[in-house]
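Laboratory data are not the source of any read-out in this text; all were calculated from the coordinates shown. From a predicted model like this one, the values you see are computed outputs, not experimental measurements. In this analysis, Cβ positions are derived from the backbone assuming ideal geometry, glycine residues included, and neighbour counts consider all displayed protein chains.
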Amino acid sequence: MTFTHISVLPSEACFHLNLKPGNICVDGTLGGCGHARTILEQILPDGRLIGIDQDVDAVKNAENLLAGFSNNVNIFHDNFSSLPAILDSLGISGVDAILVDLGLSFYQLMESQRGFSFQKDEPLDMRMDKRTSTTAADIVNRYSEMALTDIFFRYGEERMSRKIARTIVEKRKLSSIASTGQLASLVRQVMPAKLLRTQKIHPATRVFQALRIEVNRELDHLETFMSHVPDMLNNSGRLCVISFHSLEDRIVKQSIRSWEKGCTCPREFPECSCGFIPRLKSISRKPIIPGEREISTNPLARSAKMRVAEKISHMGKPGGIAGNQE
């Protein structure tokens, strides 16, 4: 088991997390520990890092790499959406920084043999957490044509979703689809020749993305996590989320904006009755993206977008003029 410690937007994440010695910080997706090691450098000697990953191989790697910091690190085999319960178990009411990198690690893509990539012919697994029961093969071979169409269209934004789903259902009547090579070849056969000539990405890219999201309930976990962010941060605490496709980025952007808004009462109300006050503020209105130098050394960073928000400190009580919905 070999993990590569390349992290995406490492200097940008470190800068925007606004780290200081003594901070309590969370790395919600340990991966190869590239970000975790950078965070530790900034918060030692008396800071604390809470590291989380749903991939047991990443957890074992982190326990090995960070063994020398046992007094400063707590590692959990879990999903970052469970952070409220994790903090509660540690008796921590709030943290100073949270980082979540939603991308796959190099190890998962190239060495895990779980079928995250179509570059190799591997079993159709795609589980980040091997304790879960449903694999990509289960979905491909058991879900109805309608369900497959919905998954490919909703999570992969695949325009050929209906035709791909129909072809899968016809193919599996003869024999099950068990490997990434089989699935990638099937999807390629469905695509019109003109599309194969013009599109820049592999024809199976969106289907694989959709299956991975469905297997791991990625968007559900992200929405759950984002709904609790203000409650987990100390005043002026920072959140950094690095996403890799539009569905993830949209959830993060819309969630931050919803926490930025003040009163949600109708404009015709003379006074506020909802009691809602802003709890986060965006640090950068536009997402932060990698530079050409980083992309040249780490192609996996090409589609990365990082959004940053800060917990707002309020001294007064909710209320005031209604209709502040800008």
Could you go through region 137-150 in sequence order and give the Karplus-derived ³J(HN,Hα) for each residue, using 6.51 cos²θ - 1.76 cosθ + 1.60 with θ = phi - 60°, rounded to whole Hz, and x for Gly and Pro? 5, 4, 5, 5, 9, 10, 5, 5, 4, 5, 5, 5, 4, 5
Residue by residue through region 274-291, the couplings from Karplus 6.51 cos²θ - 1.76 cosθ + 1.60 with θ = phi - 60°, in Hz, x for Gly and Pro, are 7, x, 7, 10, x, 10, 10, 9, 6, 8, 9, 5, 9, x, 8, 10, x, x
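Add +1 for every Lys or Arg and -1 for every Asp or Glu among the other residues with Cβ under 9 Å from the Cβ of residue 128, and state the total.
My count for the surroundings of residue 128 gives 0.
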Contact order normalised by length for region 113-216, with contacts defined as Cα pairs under 8 Å and 6 or more residues apart; what percent is it? 37 percent
Amide H contacts under 5 Å for residue 75, restricted to residues at least 5 apart in sequence or on another chain and with H modeled in the peptide plane, are 51
In degrees rounded to 10, the 0-90 angle between helix 218-232 Cα long axis and the longest Cα principal axis of the chain is 10 degrees
Enumerate the calculated ³J(HN,Hα) couplings along region 59-67 in order (Karplus 6.51 cos²θ - 1.76 cosθ + 1.60, θ = phi - 60°), each rounded to whole Hz, writing x wherever the residue is Gly or Pro. 5, 4, 4, 5, 4, 6, 5, 9, 4
Just going by the charge dipole of region 111-255, with Lys and Arg at +1 and Asp and Glu at -1 on Cβ, which of 144, 252, 192 is farthest out on the positive end? 192
Antiparallel content of DSSP bridges confined to the chain, in %, to 5: 40 percent
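Using unit Cβ charges (K, R positive; D, E negative) and no other charged atoms, how large, in debye to the nearest 20, is the dipole of region 49-164 about its Cα centre?
I would put it at about 360 debye.
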When Lys and Arg each count +1 and Asp and Glu each count -1, what net charge do the other residues less than 10 Å away from residue 244, Cβ to Cβ, add up to? -1
Mean separation of Cα contacts under 8 Å, 6 or more apart, over the residue count of region 4-123: relative contact order %: 28 percent
Using the crude model of +1 on Lys and Arg Cβ and -1 on Asp and Glu Cβ, and no other charge, please compute the dipole size for region 1-99 relative to its Cα centre, in debye to 20. 180 debye
Dipole magnitude of the chain, debye to nearest 20 (Cβ charges: Lys/Arg +1, Asp/Glu -1, about Cα centre): 1240 debye
Put +1 on the Cβ of each Lys and Arg and -1 on the Cβ of each Asp and Glu in the chain; which of 72, 243, 277 then has its Cα farthest toward the positive end of the dipole? 243
Once amide hydrogens are built 1.01 Å from N within the peptide plane, the residues lying 5 or more places from residue 179 or on another chain with amide H under 5 Å from its amide H are 124
Entries of 261/311; 130/253; 163/194 with Cα pairs more than 18 Å apart: 130/253
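Counting each pair of different Cα atoms once, what's the Kirkwood radius of the chain in Å, rounded to one decimal?
21.3 Å
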Residue 233's amide H: which non-local residues (gap 5+, or another chain) put their own amide H closer than 5 Å, with H modeled 1.01 Å from N in plane and none for Pro or chain starts? 95
Only Cα pairs under 8 Å and at least 6 apart count here; give the relative contact order of the chain as a rounded whole percent. 17 percent
Sum of -39500 (n - 2.57) over DSSP H runs of 4+, divided by residues of the chain (222 nm, nearest 500): -12500 deg cm²/dmol
